[in-house]
1. What residue among 45, 116, 195 has its Cα farthest toward the positive end of the dipole of the chain, where the charges are +1 on Lys, Arg and -1 on Asp, Glu, each on the Cβ?
2. Output wanted: per-residue J couplings in Hz (rounded whole) for segment 136-148, from phi through Karplus 6.51 cos²θ - 1.76 cosθ + 1.60, θ = phi - 60°, x for Gly and Pro.
3. Out of segment 52-129, which chymotrypsin sites (Phe, Trp or Tyr not before Pro) are coil in DSSP terms and have no more than 15 other C-beta atoms within 10 Å?
4. Quick one: with all protein chains in place, what share of the accessible area of the chain is carbon or sulfur, to the nearest percent (1.4 Å probe)?
5. At a 1.4 Å probe radius, which order do 67, 145 fall into by accessible area, largest first?
6. What angle do you read, to the nearest 10 degrees and between 0 and 90, between the alpha-carbon axis of helix 2-23 and the longest principal axis of the chain?
7. What are the ³J(HN,Hα) values, in whole Hz, obtained from phi via the Karplus relation 6.51 cos²θ - 1.76 cosθ + 1.60 with θ = phi - 60°, for each residue of segment 70-83 in sequence order, with x given for Gly and Pro?
8. Accessible area per residue for the chain in Å², computed with a 1.4 Å probe and the full protein assembly in place, what is it?
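The values are calculated or read from the model by the stated rules, or taken from the named source; none is laboratory data. Model, not experiment: these values are computed from the prediction. Neighbour counts run over all protein chains shown; Cβ positions are idealised from the backbone, glycine included. Quick note on the areas: whole protein, heavy atoms, side chains included, nothing else; ligands and nucleic acids left out. Shrake-Rupley method; radii C 1.70, N 1.55, O 1.52, S 1.80 Å.
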Amino acid sequence: MKKLLLAALIIAGLTCSAQQKQEKETVVVIKTTMGTIKAKLYNDTPLHRDNFIKLVNEGWYNGSPFHRVIKDFMIQGGQNADGRLDPGYTVPAEFKDNHFHKKGALCAARQGDQVNPKKASSGSQFYIVQGKTYDDRWLDMYESHSGKVLNARQRQTYKTVGGTPHLDGDYTVFGEVTEGLDIVDKIAAVKTGRMDVPVEPVTIISVTIEK
């Protein structure tokens, strides 16, 4: 009996260990000319997670710029250092109700609905949300005009942390910043020119997987 109990405990321990290992989220380190940002990739958006890891391992983002920056909205990067805007493919949308456009959300950019009705993501273009905070009055108006309903967690987050609620359900959120929100704020505050391009380049030096 004791042997059976011991075996059961060992199996349970191995199962628990395997589940913990499986559930561990990948953390990427985005080193920029203005500081370092760390972000975790969600496991329940596996197509985006695996594609981002693939590009990181290929060095796709190394030396590329944040080419679109809008204060109180987001900072966008993703083209290759040689100027290619994307790798020539898209990633199917992975919308999850539990992931939304709060400040620090890591999201996939895409082409507009007119040419992309399925809202597939760019193969490499991404943005990090800066956003801003909203009060109940604005959020009520947003729900009324958009026909969307914010859950309690979304509403509280948009009131306290901030974000860009109007993008929810239209662009895939596949991760979030865990360290370096101050760097996101610094980048979002740079002076920009035509088409929201920073006047002084802000470059991604490297993106690596944290071990």
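1. 45
2. So the J values, rounded to whole Hz, are 4, 4, 5, 5, 5, 5, 4, 4, 5, 7, 8, x, 8.
3. For chymotrypsin sites (Phe, Trp or Tyr not before Pro) across segment 52-129 that sit outside H, G, I, E and B with at most 15 neighbouring Cβ atoms in 10 Å, the list reads 89, 95.
4. The C+S portion of the solvent-accessible surface of the chain is 55 percent.
5. 145, 67
6. Its long axis makes an angle of about 10 degrees.
7. My calculation for segment 70-83 gives 10, 4, 6, 9, 6, 10, 10, x, x, 6, 6, 4, 7, x Hz in order.
8. 55 Å²
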